[in-house]
Amino acid sequence: MKQIDMFVESVYSNASGNKKEIEELKAEMKSHLTEAIYELKIEGKTEQEAIGIAIERFGGEKEMRSVVGQLFKTQKLFAKWILYLAIGCLITTVVVFGTIWSIEEQNAHENSIIATNIFDVLGGKEAISHSMEEEIKDYIQGTDQISKVSIFSVKDAEKESENYSSIFEYVKNAKPNYQYQRAVWAPEWLLVDFFPYGNGNSKWYVDMETRHFSSFMTLVLFVGFAVYATLFTIWATINSYHHRRLNAIWILSFALLNVIGYLIYVFVGKRKVRDK
């Protein structure tokens, strides 16, 4: 029926998407219209009357064209926003992780400098004077990640060598010759950890407790990539559905291989087109 063909073509004239999908939807609409016309003719309607009624029941040419166009536009927009969210999540994860990593590297470098400065203050002295304590205290207060510094005499450790197998064991149990402790910014939601940073020479062993964001970095990396991978998988799945190539193997490929899995999907699709 030429009039039905014209109606269906008009309805899908503004639809932009996968050609195969559009052709299948056209065929389905023609089938429904043809069936409706057949039933109306059985009821006694002429073919022209049946065609008019069937088209009217579908909503009319103008309304259907608007609905179909909006439907395809919404589908494309939804898939596009899923992809944008995935990319945004990936970029945010990389930026946050990189920023924290950079801070940790700067802190590690600063810890090394502070330890060197403290050893310069101690020099070859046998005891720690009040002025030395104040100078060491100033160095610690000039940072924002060192929460405690403890200084031990190696000579005292050697005297207790029978009781301790190493200087590290001695440090864990002995009273320091000097100690300074303070509170540093460490909110619980950042999963802050405090790790020892120790160094020594022939006279002194300096142990500093420093703040680290390693647990938070791991969480950011894991959650960020998990959200990104999920969103990317959803986007790739929507695309494969519109291309009428969706199956469990491709979904697993998108979920496990991510971009590589989608590139394989695209390559296979192009190869099938060439083979045809």
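Assorted remarks:
- Matching residues, the range 180-202, being touching a residue at least 60 places away in the same chain (Cβ under 8 Å) and either exposed (fewer than 15 other Cβ atoms within 10 Å of the Cβ) or touching a Leu at 6+ places or on another chain (Cβ under 6 Å) (or both): ASN201
- The range 203-221 - residue that is under 31 Å from the mean Cα position of the chain (by Cα), farther than 19 Å from ASN111 by Cβ and touching a residue at least 40 places away in the same chain (Cβ under 8 Å) and, of those, surrounded by the most Cβ atoms within 10 Å (Cβ to Cβ): VAL220
- Residue match in the range 155-166 (condition: in contact with a Gly (Cβ under 6 Å, 6 or more places away or on another chain) and either in contact (Cβ under 8 Å) with a residue 40 or more places away in the chain or among the small types (Gly, Ala, Ser) (or both)): no
- For ASP144: the one exception among (1) open to solvent by 70 Å² or more (accessible area, probe 1.4 Å); (2) assigned to a strand (DSSP E or B); (3) closer than 21 Å to GLN106 by Cβ: (2)
- Contact annotation: residue pairs with Cβ atoms under 8 Å, 6 or more positions apart or on different chains, pairing a residue in the range 131-152 that is more than 15 Å from ALA183 (Cα to Cα) with a partner that is open to solvent by 50 Å² or more (accessible area, probe 1.4 Å) and basic (Lys, Arg), are MET132/LYS125.
- Selection from the range 234-271 of residues that are farther than 22 Å from THR92 by Cβ, of a type in the set (Gly, Ala, Ser) and open to solvent by less than 60 Å² (accessible area, probe 1.4 Å): SER240, SER253, GLY261, GLY269
- Being closer than 23 Å to LYS76 by Cα, open to solvent by 40 Å² or more (accessible area, probe 1.4 Å) and in contact with a helix residue (DSSP H, G or I) (Cβ under 6 Å, 6 or more places away or on another chain) is a description that does not apply to LEU231.
- Summed over the range 40-66, the residues that are open to solvent by 90 Å² or more (accessible area, probe 1.4 Å) and modelled with pLDDT under 65 give a count of 2.
The values are calculated or read from the model by the stated rules, or taken from the named source; none is laboratory data. Just so it is clear, the structure is predicted and the values come from calculations on it, not from any experiment. FYI the Cβ positions are ideal-geometry reconstructions off the backbone, even for glycines, and counts take in every protein chain you see. Only protein heavy atoms, including side chains, enter the accessible area calculation; ligands, DNA and RNA are left aside. Shrake-Rupley method; radii C 1.70, N 1.55, O 1.52, S 1.80 Å.
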